[in-house]
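Colleague: My questions will all concern the structure given below.
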Amino acid sequence: MFKKDTKWRPWKESVDTYLHSRIGQASIPLAYIIREHDVAPPDAVYLTTHEELVNRAILVGPEFNTNNGIVYNLLQSLTLNGPAWSWISAYQCTRNGRAAWRALITYYEGDAMQMRSKQQCYDAITKANYQGPRRNFDFSSYVAIHQQAYQDLECLGEPVPEYKKVRDFVQGITDNQCSNIKLNVLSNQVL
């Protein structure tokens, strides 16, 4: 279920993975409904039959209409009563899964959302704080926050210099037992 705007990327990947595993009419993986391009590039080389089927399937005809409706039903069931429903609901009468998916892509990967997502990553880094082991939050949880934020920033086209990653990471550690490690890391860091 898609319940939070901040979970767009993992949700998108899980839908894509699921549709690659489901076979629709004409024995074609349903992922072709949500592929990026309308027509496969003529000079494309495919490593697998699966990849070729997804990229070369025709986006018209009775099989497409059936598969397109199946994908719409899936998207509806996953977004109903969530933040993405308003983008999907416009295609309810036609059960147009491809158009619904494109509406989601346009909104969640558009410029405004990209800026908001980048800001959320920077906020997560700034708010992350390790004060020593606590219940439900250990050092690996602190590391995971930083790793995820920087991976998301990379995906959003915003690479962060390594020295900034190190500085942000070390500044978020307020555990007194780690103070010597912090000083050592900061003094050895090249700016």
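Colleague: Could you please give the count of residues in segment 105-115 that are part of a helix (DSSP H, G or I) and surrounded by fewer than 13 Cβ atoms within 10 Å (Cβ to Cβ)? Quick ask: steps written out before the conclusion?
Modeller: Here is the first cut: in segment 105-115, the ones part of a helix (DSSP H, G or I) are 105-108, 111-115.
Adding the requirement that they be surrounded by fewer than 13 Cβ atoms within 10 Å (Cβ to Cβ) leaves 106, 111-112, 115.
Final tally of qualifying residues: 4.
Colleague: Out of (1) in contact with a His (Cβ under 7 Å, 6 or more places away or on another chain); (2) surrounded by fewer than 16 Cβ atoms within 10 Å (Cβ to Cβ); (3) of a type in the set (Val, Ile, Thr), what's the single condition that is false for ILE125?
Modeller: The failed condition is (2).
Colleague: Looking only at residues that are in a helix (DSSP H, G or I), out of contact with any Gly (no Cβ under 9 Å at 6 or more places or on another chain) and in contact (Cβ under 8 Å) with a residue 24 or more places away in the chain in segment 29-55, which one is surrounded by the most Cβ atoms within 10 Å (Cβ to Cβ)? Step through it out loud before you land on a result.
Modeller: The initial filter retains those residues of segment 29-55 that are in a helix (DSSP H, G or I), namely 30-34, 49-55.
Next, only the ones that are out of contact with any Gly (no Cβ under 9 Å at 6 or more places or on another chain) stay: 31, 49-55.
Next, from what is left, pick out any that are in contact (Cβ under 8 Å) with a residue 24 or more places away in the chain: 50, 53-54.
Numbers: HIS50: 14, LEU53: 17, VAL54: 21.
My answer is VAL54.
Colleague: Evaluate the following for ALA26: is it touching a Leu at 6+ places or on another chain (Cβ under 6 Å) and either assigned to a helix (DSSP H, G or I) or acidic (Asp, Glu) (or both)? Before you say what the answer is, go through the steps one by one.
Modeller: On the way: touching a Leu at 6+ places or on another chain (Cβ under 6 Å): no; either assigned to a helix (DSSP H, G or I) or acidic (Asp, Glu) (or both): yes.
No, not satisfied.
Colleague: Being in contact (Cβ under 8 Å) with a residue 12 or more places away in the chain and either assigned to a helix (DSSP H, G or I) or not charged (D, E, K, R) (or both) is the filter here; which residues of segment 95-104 pass it? First the steps, then the outcome.
Modeller: The initial filter retains those residues of segment 95-104 that are in contact (Cβ under 8 Å) with a residue 12 or more places away in the chain, namely 95-98, 100-101, 103-104.
Result: ASN96, GLY97, ARG98, ALA100, TRP101, ALA103, LEU104.
Colleague: Then there is this: For segment 114-138, which residues satisfy the criterion of being basic (Lys, Arg) and within 21 Å of LYS164 (Cα to Cα)? Please lay out each step first, then the result.
Modeller: Initial filter on segment 114-138 (basic (Lys, Arg)): 116, 118, 127, 134-135.
Within segment 114-138, ARG116, LYS118, LYS127 meet the criteria.
Colleague: Check off (1) within 18 Å of the chain's Cα centre (by Cα); (2) not in a loop (DSSP other than H, G, I, E, B) for PHE2 and give me the number that stays unchecked.
Modeller: The one condition PHE2 does not meet is (2).
Colleague: Give me a count of the residues in segment 159-191 that are among the charged types (D, E, K, R), at pLDDT 90 or above and not in a helix (DSSP H, G or I). Before you say what the answer is, go through the steps one by one.
Modeller: Filtering segment 159-191 down to residues among the charged types (D, E, K, R) leaves 162, 164-165, 167-168, 175, 182.
From what is left, the residues that are at pLDDT 90 or above are 162, 164-165, 167-168.
Of the ones still in play, those that are also not in a helix (DSSP H, G or I) are none.
Going through segment 159-191 one residue at a time, the tally reaches 0.
Colleague: Output the residues belonging to segment 57-72 that are in a loop (DSSP other than H, G, I, E, B) and surrounded by 18 or more Cβ atoms within 10 Å (Cβ to Cβ).
Modeller: If we filter segment 57-72 for residues that are in a loop (DSSP other than H, G, I, E, B), which is where we start, we get 57-61.
Within segment 57-72, just ALA57 meets the criteria.
Colleague: Which one is farthest from LEU75 (Cα to Cα), of the residues in segment 1-23 that are in contact with a helix residue (DSSP H, G or I) (Cβ under 7 Å, 6 or more places away or on another chain) and at pLDDT below 95?
Modeller: It comes out as THR6.
Colleague: Which of the residues that make up segment 129-150 are among the aliphatic types (A, V, I, L, M) and surrounded by fewer than 13 Cβ atoms within 10 Å (Cβ to Cβ)? Please lay out each step first, then the result.
Modeller: If we filter segment 129-150 for residues that are among the aliphatic types (A, V, I, L, M), which is where we start, we get 143-145, 149.
Matches in segment 129-150: ALA144 only.
Colleague: Here is a check on your reading of the model: is ILE88 surrounded by fewer than 17 Cβ atoms within 10 Å (Cβ to Cβ) and either among the β-branched types (Val, Ile, Thr) or out of contact with any strand residue (DSSP E or B) (no Cβ under 8 Å at 6 or more places or on another chain) (or both)? Let's see the steps before the verdict.
Modeller: Working: surrounded by fewer than 17 Cβ atoms within 10 Å (Cβ to Cβ): no; either among the β-branched types (Val, Ile, Thr) or out of contact with any strand residue (DSSP E or B) (no Cβ under 8 Å at 6 or more places or on another chain) (or both): yes.
It is false that ILE88 is surrounded by fewer than 17 Cβ atoms within 10 Å (Cβ to Cβ) and either among the β-branched types (Val, Ile, Thr) or out of contact with any strand residue (DSSP E or B) (no Cβ under 8 Å at 6 or more places or on another chain) (or both).
The values are calculated or read from the model by the stated rules, or taken from the named source; none is laboratory data. In this text the structure is predicted, and so the values were computed from the model without any measurement. FYI the Cβ positions are ideal-geometry reconstructions off the backbone, even for glycines, and counts take in every protein chain you see.
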